[in-house]
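Every number in this text was worked out from the coordinates using simple rules, so none of it is lab data. Every value quoted in this text rests on a predicted model; they were computed, and no experiment measured them. Here Cβ is always computed from backbone atoms with ideal geometry, including for glycine, and neighbour counts include all displayed protein chains.
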Amino acid sequence: MEIKVTLPDGSIREFEQGTTPYQVALSISEGLARNVLAAKVNGKVVDANTPLTEDVTLSLLTWNDAEGKSTFWHSSAHLMAEALEALYPGVKFWVGPPVENGFYYDVDTNGKPISSDDFKKIEDKMLELARQKNEYVRIPISKADALKYFEEKGDEYKLDLLEGLEDGQITLYRQGNFTDLCRGPHIPNTGFIKAAKIMNAAAAYFKGDQNNKMLTRVYGVTFPKAKELEEYLHLLEEAKRRDHRKLGAELEIFTFSEKVGKGLPLWLPKGAMLRERLENFLKRAQLRSGYLPVVTPHIGSKQLYVTSGHWDKYGEDSFQPIKTPEEGEEFMLKPMNCPHHCEIFKSKPRSYRDLPLRLAEFGTVYRYEQSGELHGLTRVRGFTQDDAHIFCANDQVEDEFKKVIDLVLYVFKSLGFDDYSAQVSLRSLENRSKYIGSDEDWDKAEKAIVNAAAEKGLKTVVEYGEAAFYGPKLDFMVKDALGRKWQLGTIQVDYNLPKRFDLEYVGSDNQKHRPVMIHRAPFGSMERFIAILLENTAGNFPFWLSPEQIAVLPISEKYEDFANEVFLILQENDIRGYIDHRAEKISRKIRDAEVAKVPLMLIVGEKEQEEGRVSVRKKGEGDLGSFSVQEFIEFAKNEINKNIPTFGNN
């Protein structure tokens, strides 16, 4: 019997029933087959040797796919466990999942510590075992037999895991001399693993409960080529140098205070100027695109978020309601801006002539993140979204969506993010219970996003299950200077909030109609965006964005008055910076300005004062020559214009 296999390019091939994904790959090319780590069958990742028994959609996963990497690292966790079992007889294992960059395993070494001194021997043992090219063998097993197996091993951790598993759905995986309770999938054999590095060993409580036994969490990372490990370790060092928390302190952008509260950033003067420049940049583009500014309070009644559905979905993750002296009155710190904007739409009767109505706000919101999840500016409890909500008619959705795509791409181009892709985030194919709204509205919204992205020629990937609870979205994934992917910019189509808030407008037929709502935030949040921007640029902002664009450096105090005159003229032309009044040598002033990442330095001495000119140095490039003050102003304006492309009316 033959089955039909639909490949990612839409082509359909026929194979004998029982053919494996590996054999499908082999029929395409031997080179592809050599690199297949696993496969995605009807959206589910499986072993590459899984027999195909019916018509399926099939994606062959390699190291270049996120799910391929995840499978590779999950298999590597098993390999590390085999190495630990050989080196530490009697060791027991809890869980060993893949993570964003590598994997870990929680282990009980029976009191034998694992320190950095042991890392090399673990790595060597892993590679010794990898060279044996042992297959990862899937073994279906009954619950009774699995319990018996781990009881004989005396492994209380695996027995605990088995308690929550149903009979008939339990599998073991074996490679070499190591057998583990695991649902898989795994790579074909250990030979794919060519390089290994143990990154860290830290304490971790069993099940994350401090009342339980302390285990050791061993972190590792592996690669299919030794060169890739070298490159990864180099990138780690570069990432440390670019860490936004380090740069934020050195450049005096932001700080935190325990007294103010965890996860609540304090923006220092330079950081405030940076934010202001980013906000003004987007506000100008929004103004040209027909957006209207609004401002909403930092709190709202709890009932507002009950109506929107946010309370049911996110109530536990929000700050708890604020009670007032009035009986039954409760407010919440604003977790979302959209309910407020719905009420603005509803504040007066609307006509089809008002649509599309584009409301924009840099609105600060608050969400209670767990202390352990807070991380610099990328995970905070209070953040400002460059939020906007477009209320439009059904036949305007695609056009408005495309205009928002144009705005997002304009932001990326202006800020140097050239390597990006778009993720179409749709509902889960299996579990629809977590979404609100009708299937009809969801189908319309999903179709609008897919069509708009296709018309704009975006490189897209579809991810099921990643939609917001109220609607599908288009998320922009940007690759930074270190090759890391970040989610920046999101656009969402929403038929549900207009229903929940009973929003209406009068159409040209003089009948009442329901608007559609588009949510959009090109930056996402100012905090997270600035963190990514800091790391992507290593703090070397383009001239137009730099908090301190120039440093005026008088050679001695005799030229202070002239330095002040120059600086005043520059300020009047919206060129920001400072005068270095210190009694230091000019070489020290230049060096310190370079360290502070000031783009341009204006040196003034006797000659400059006599001629009414300035000597200009550019960070990292050196002398640019002598300029009159007016010539420098023109030069500075050109520096700005060459970095910011024009954005016309939409």
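For this structure, a couple of remarks:
- Principal axis analysis of the Cα atoms in segment 550-643 yields extents of 35, 27, 21 Å, listed in decreasing size.
- For segment 456-469, Karplus couplings with θ = phi - 60° (6.51, -1.76, 1.60), whole Hz, Gly/Pro x: 7, x, 6, 7, 10, 10, 9, 10, 7, x, 9, 5, 5, 5
- Inter-centroid distance (Cα atoms) of segment 554-605 relative to segment 322-355, Å: 49 Å
- The Rg/Rh ratio of the chain, with Rg taken over Cα atoms and Rh as the Kirkwood radius over Cα pairs, comes to 1.02.
- Whole-Hz Karplus values for segment 525-534 come out as 10, 4, 5, 5, 4, 5, 4, 5, 5, 4 Hz, taken residue by residue from phi with 6.51 cos²θ - 1.76 cosθ + 1.60 and θ = phi - 60°; glycine and proline positions read x.
- Neighbour cut-off at most 11 other Cβ (10 Å), DSSP loop, GluC sites (Glu not before Pro), segment 199-290: Glu258
- Sequence-ordered 3J(HN,Hα) estimates for segment 206-223 from the Karplus curve with 6.51, -1.76 and 1.60 and θ = phi - 60° stand at 4, 6, x, 9, 5, 7, 8, 5, 7, 9, 10, 9, 9, 9, x, 8, 9, 8 Hz, glycine and proline given as x.
- Three-way shape label, segment 223-282, alpha-carbon gyration tensor, a/c 1.5: prolate
- Taking amide H atoms as placed 1.01 Å from N in the peptide plane, the amide H of Arg576 lies under 5 Å from those of Gln549, Ile550, each 5 or more residues away in sequence or on another chain.
- Protection-proxy order for peptides 3-9, 269-275, 462-468, each taking the mean of Cβ atoms within 10 Å per residue, highest first: 269-275, 462-468, 3-9
- Shape metrics for segment 276-350, restricted to C-alpha atoms - Rg then Dmax, Å: 15.5, 46
- Out of every Cα-Cα pair that segment 2-62 contains, those further apart than 15 angstrom amount to 40 percent.
- Based on Cα contacts under 8 Å between residues 6+ apart, segment 74-239 shows a relative contact order of 27 percent.
- Sequence-distant residues sharing a close amide H with Ala468 (under 5 Å, placed H): Lys473
- Sequence-separation-based contact order of the chain, relative, with Cα cut under 8 Å and 6+ spacing, percent: 9 percent
- Compared with the dominant Cα axis of the chain, that is its longest principal axis, helix 226-242 is turned about 40°.
- DSSP beta bridges fully contained in segment 2-62 are about 85 percent antiparallel.
- Descending semi-axes in whole angstrom, ellipsoid equivalent of segment 95-228, from the Cα gyration tensor: 25, 21, 13
- Between helix 119-130 and the chain: long-axis angle, C-alpha atoms, 0 to 90°, nearest 10: 50 degrees
- Helical runs assigned H by DSSP (4 residues or longer) give the chain a calculated mean residue ellipticity at 222 nm of -10500 deg cm²/dmol, each run adding -39500 (n - 2.57) before division by the residue total.
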